[in-house]
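Following: one structure in structure tokens, then a few remarks.
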């Protein structure tokens, strides 16, 4: 490990510097504050490097992981009356569960299968992440915060009273069976609710109503009427420096330069800007409420979301691992990498950090700066810890608009432009009414739109289902096309050319090319109907059928029963191991196809035909 220590030190320090502004920005974007992003970067960066399977990988909060985390955080906070401290144990428990699931994926050896997730699903998801970040950062960029808009919040006061009364009723219901007395007590408590409590609940409802992509659009008009020009200038100044400084040099991270310059101007000139939340000083401490305040009912709705976080983190990390392999000419260990990522996310959750994954840009920076071993990732984590301990109070002075500007550039960068540019050129392989469309474009757009305006988790699930159905349809069509039943004289295989022409009406051949599975059974089931009365013998050549599933197996059984009922003889030629094993399990062999009707090659089968099949004139 210490052979390349000089390169690892430079790589780790550079990657840590690049990670700092992003960690703070992702923490703010998540809803848990800058410290949560910093804690995530520290613990994931260190432990994923220590236990992972990619030597040069730099891990920490990423845009996709933060976007999904926002769903968890916003949902749990909403169910806890907008109280972040009250919701925190449940939030961190979900993150811990996601980390444990990642460890499980690695132990089960599923890391090698992540690469099979269809590209259109990944492309649509990544573009949606960019859209979500861009749109949700409009409000902080213009300095508009819905819960601070007095006029807007006042529209939720009646709803706030109803919500408070509803919560009181729930409390009474939890004590005993609801009676008239309980209702009276609830109403009395409701009447004693102070204006301060109503205002707090109204602010929570206002913030929830304006969250996400659709929520942003709801208040966009109000935001543009209440622009804070100083915040807007700070955000745009940040964006200009990030893109402009790259044209001067890439030796120094432009994101860090923008952070330092714009924060220095805002603080140095004592401008009336909005700073980020205060970053606690001192060492991070474990949040033991994960254990002491554990409530299974509070995380049950988010178990599927935790699994999505685990899978997304796995995809994100392993894609970065492939990029690292290409740059370093090495080979990562995917399952070990998942275990390392899972441990990093689990430990980060215990200390209050948001989840993360392998970060492509930070990993590339590490490699280009000389990082060769796991030590570089660990150094990046340690550097961020030093920054936290030494510069926490100073970092708390960073303008919120500067981090919004940084996130806008992240949103622009994370979108899959390669996939978007390919849309006009992808083959139009499906027909809907008079329109010919590309199935891959449809999947990409469905995932992108649903992820942006509805739910990231469900959108990916729907995308995977659509991609699977489309794939099965294509394979089924291809298999059916290549396995039509035709008279022997048509499209004969080379070893069939010498077959006696006088038997062409008595003998028919079925060529099965490719797997016989649930997507390709319909054409095969028409076999019995396609053979005329003159055909007495059917040869089914199976040498190119490597696989048969349960649907294909029962379709085969049905066809054989139909042919047997018509007194037709069926011969099998070259049955491969897997199909033969399946057929023996349900007694297709030998009940429907006796072993003497199974031949290793076509020549042997031909000899049987010449001996047993007579030309009917």
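Pairs linking a residue in segment 78-91 that is surrounded by fewer than 19 Cβ atoms within 10 Å (Cβ to Cβ) to a residue that is assigned to a loop (DSSP other than H, G, I, E, B), with Cβ atoms under 6 Å and 6 or more positions apart or on different chains, are 86/80.
Just one of the listed residues (469, 478) is surrounded by fewer than 19 Cβ atoms within 10 Å (Cβ to Cβ) and modelled with pLDDT under 75, namely 478.
Filtered by the rule that a residue be crowded, with 19+ Cβ neighbours inside 10 Å and in a helix (DSSP H, G or I), segment 148-163 gives 152, 153, 160. Can you spot a residue in segment 394-411 that is free of Cβ contacts under 8 Å to residues at least 24 places away in the same chain, in a helix (DSSP H, G or I) and not assigned by TED's automatic domain parsing to the domain that holds residue 11? Within segment 394-411 (the criterion being free of Cβ contacts under 8 Å to residues at least 24 places away in the same chain, in a helix (DSSP H, G or I) and not assigned by TED's automatic domain parsing to the domain that holds residue 11), the answer is no, since none of the residues qualifies. Among the residues of segment 328-370, those identified as outside any helix (DSSP H, G or I) and modelled with pLDDT under 90 are 329, 330, 331, 332, 359, 369, 370. The set of residues in segment 47-75 being more than 24 Å from residue 403 (Cα to Cα) and not in a loop (DSSP other than H, G, I, E, B) consists of 47, 48, 49, 50, 51. Of the numbered criteria (1) at pLDDT below 85; (2) touching a strand residue (DSSP E or B) at 6+ places or on another chain (Cβ under 8 Å), the one residue 542 fails is (1). Screening the candidates 253, 275, 284 for the property of being buried (at least 19 other Cβ atoms within 10 Å of the Cβ) and either within 29 Å of the chain's Cα centre (by Cα) or at pLDDT 90 or above (or both) yields one hit, 253.
Residue-wise test of (1) surrounded by fewer than 13 Cβ atoms within 10 Å (Cβ to Cβ); (2) at negative phi; (3) not assigned by TED's automatic domain parsing to the domain that holds residue 354.
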position: 219; (1), (2), (3): no, yes, yes
position: 235; (1), (2), (3): no, yes, no
position: 268; (1), (2), (3): yes, yes, no
position: 293; (1), (2), (3): no, yes, no
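If you go through segment 56-72 and pick out every residue that is farther than 17 Å from residue 314 by Cα and either surrounded by 24 or more Cβ atoms within 10 Å (Cβ to Cβ) or not assigned by TED's automatic domain parsing to the domain that holds residue 337 (or both), you end up with 1. Restricting the first member to segment 49-61 and to residues that are in contact (Cβ under 8 Å) with a residue 24 or more places away in the chain, and the second to residues that are part of a strand (DSSP E or B), the beta-carbon pairs closer than 6 Å and six or more apart or on different chains are 57/358; 59/358.
Among the conditions (1) buried (at least 20 other Cβ atoms within 10 Å of the Cβ); (2) outside any strand (DSSP E or B), the only one that residue 540 does not satisfy is (2). Scanning segment 263-279 for residues that are in contact with a strand residue (DSSP E or B) (Cβ under 7 Å, 6 or more places away or on another chain), part of a helix (DSSP H, G or I) and within 21 Å of residue 388 (Cβ to Cβ) yields a single hit, 263. Does residue 104 qualify as being part of a helix (DSSP H, G or I) and surrounded by fewer than 18 Cβ atoms within 10 Å (Cβ to Cβ)? Here the answer is yes, as residue 104 does meet what is asked. Of all residues in segment 444-470, those that are more than 20 Å from residue 309 (Cβ to Cβ) have Cβ atoms under 6 Å from Cβ atoms of residues that are surrounded by 20 or more Cβ atoms within 10 Å (Cβ to Cβ), 6 or more apart or on another chain, in 444/120; 444/123; 444/124; 466/443; 467/121; 467/443; 470/439.
For residue 490, the requirement of being touching a strand residue (DSSP E or B) at 6+ places or on another chain (Cβ under 8 Å), at pLDDT below 80 and not in a helix (DSSP H, G or I) is not met. Put simply, of 282, 313 the only residue that is assigned to a loop (DSSP other than H, G, I, E, B) and touching a residue at least 12 places away in the same chain (Cβ under 8 Å) is 282. In the set 53, 45, only one residue is modelled with pLDDT of 90 or more, crowded, with 24+ Cβ neighbours inside 10 Å and within 22 Å of residue 347 (Cβ to Cβ); that residue is 45. Of all residues assigned to segment 134-143, none qualifies as being touching a residue at least 24 places away in the same chain (Cβ under 8 Å), farther than 30 Å from residue 228 by Cβ and either part of a helix (DSSP H, G or I) or under 19 Å from the mean Cα position of the chain (by Cα) (or both).
Does at least one position in segment 594-614 carry a residue that is within 21 Å of residue 495 (Cβ to Cβ), in contact (Cβ under 8 Å) with a residue 60 or more places away in the chain, part of a loop (DSSP other than H, G, I, E, B) and more than 49 Å from the chain's Cα centre (by Cα)? There is at least one residue in segment 594-614 that is within 21 Å of residue 495 (Cβ to Cβ), in contact (Cβ under 8 Å) with a residue 60 or more places away in the chain, part of a loop (DSSP other than H, G, I, E, B) and more than 49 Å from the chain's Cα centre (by Cα). Checking segment 429-443 against the condition returns a match, with at least one residue being buried (at least 23 other Cβ atoms within 10 Å of the Cβ) and closer than 30 Å to residue 75 by Cα.
The values are calculated or read from the model by the stated rules, or taken from the named source; none is laboratory data. This structure is a prediction, so every number in the text was calculated from the model and none was measured. Positions of Cβ are generated from backbone atoms using ideal geometry, with glycine treated the same way; all protein chains shown enter the neighbour counts.
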